[in-house]
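Okay, so here's the structure we're looking at.
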Amino acid sequence: MAPILTIRDLVKTYEGGFQALKSVSLDINEGEVFALLGPNGAGKTTLISTICGLVRATSGTIRVGGHDAQRDYRAARKMIGLVPQEMPTAPFELVEDTVAFSRGLFGLKPDRELVERILKDLSLWEKRKGPIMALSGGMKRRLLVAKALAHEPKILFLDEPTAGVDVELRRDMWRLVGALKTRGVTIILTTHYIEEAEEMADRVGVINKGEIILVEEKAELMRKLGKKLLTLSLGEPLDRVPDALVHHDLILSEDGTSLTYTYDTQAERTGITALMSDLAKAGIRFHDLQTDQSSLEDIFVDLVKRG
């Protein structure tokens with residue numbers, strides 16, 4: 001099956017010479033949740049804005065559902081819903097009316113049942129007859145999502161969808177993404193909350209300095225690049241790591257009661273056997289041990305440092 005979104009050699013250079021995107025190529029599969037991660041200024045928003053037609057590419061091609069995004073702009077744009085970080089809205093317009101109007105912008109007939117379902121899914125139904133100005137910040141963020149869904153897009157872009165919102169809204173957003181995926185909607189999100197990507201994404205892409213430096217299945221990424229931590233609870237506290245153990249790069253806790261060893265799960269040798277032998281030779285006893293897998297955040301930070 002062909003990808004629903006295909007990007008090839010996409011370049012965006014602004015006046016003054018700043019290159020925000022450097023020959024970006026990317027395929028997004030239909031029905032997947034794709035998390036695009038990157039530090040501030042990495043090119044995430046520029047990439048989304050270019051795909052959605054808000055920013056003109058310097059060169060390269062974008063195909064949305066088989067439509068060339070430049071030559072067949074209307075057909076391509078109709079397949080896309082965009083939830084930006086911020087969007088000005090008419091403060092006196094009613095909630096229900098602005099969602100219905102967003103549907104009309106794409107030349108679609110009114111559908112009161114669809115608008116009702118969207119507003120209920122986003123806990124906005126009780127606010128439907130009120131003006132936008134009466135909504136809280138979190139409710140306005142929900143309204144942006146409702147507007148983006150009004151024309152039933154096949155691809156939904158969520159640009160920092162939960163930045164600055166409360167935990168409850170974040171959880172609601174996660175549930176909504178799950179429901180949309182079940183309906184076959186392809187979702188591409190950018191986020192600073194790594195736990196969102198870890199919770200929702202099927203695949204993860206990392207962009208840094210305008211370049212895609214990695215695209216990988218989330219589970220496979222964590223398997224390949226994830227490291228494990230072995231924490232030993234000591235029988236007696238230490239004031240420092242003994243010289244005989246320094247080469248193991250152990251981290252001693254502040255209170256001296258535990259040692260942490262980091263090892264690569266994909267390495268031919270983890271070094272654990274040698275560590276245990278050296279601990280015994282040094283006369284260091286421990287009464288408990290536990291292992292923890294590194295998180296997606298740990299992996300992301302490491303990748304950006306390398307980039």
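Values quoted throughout were computed directly from the atomic coordinates according to the rules given, and no laboratory measurement underlies them. Note that the structure is predicted; figures quoted are calculated from it, not measured. Ideal geometry is used to build each Cβ from the backbone, glycine not excepted, and the neighbour counts take in all protein chains shown.
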Exercise. Tell me what the chain gives for mean residue ellipticity at 222 nm when only DSSP H runs of n ≥ 4 count, each as -39,500 (n - 2.57), the sum divided by the residue total, rounded to 500 deg cm²/dmol.
Key: -9500 deg cm²/dmol
Exercise. Find the Rg to Rh ratio for the chain, where Rh is the Kirkwood radius over alpha-carbon pairs and Rg uses the same atoms.
Key: 1.10
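Dividing the convex hull volume of the alpha carbon atoms of the range 75-198 by its residue count, what do you get in Å³ per residue? Intermediate values should be presented prior to the final figure.
Details: hull volume 12.7 nm³, N = 124.
Value for the range 75-198: 102 Å³ per residue.
Name the trypsin sites (Lys or Arg not before Pro) in the range 1-73 that are in a loop by DSSP and that have at most 16 other C-beta atoms within 10 Å, would you? Could you put the intermediate results ahead of the total?
Details: sites: Arg8, Lys12, Lys22, Lys44, Arg56, Arg63, Arg71; in loops: Arg56, Arg71.
Listed in order of number, the matching sites are Arg56, Arg71.
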Quiz item: Which of the aspartates and glutamates could a cross-linker span from Lys281 if the Cα-Cα distance has to be under 16 Å and same-chain partners fewer than 8 positions apart are dropped?
Solution: Glu236, Asp243
Exercise. Could you name the lysines whose alpha carbon sits less than 20 Å from that of Lys78, not counting residues in the same chain fewer than 8 places away?
Key: Lys109, Lys147, Lys154, Lys181
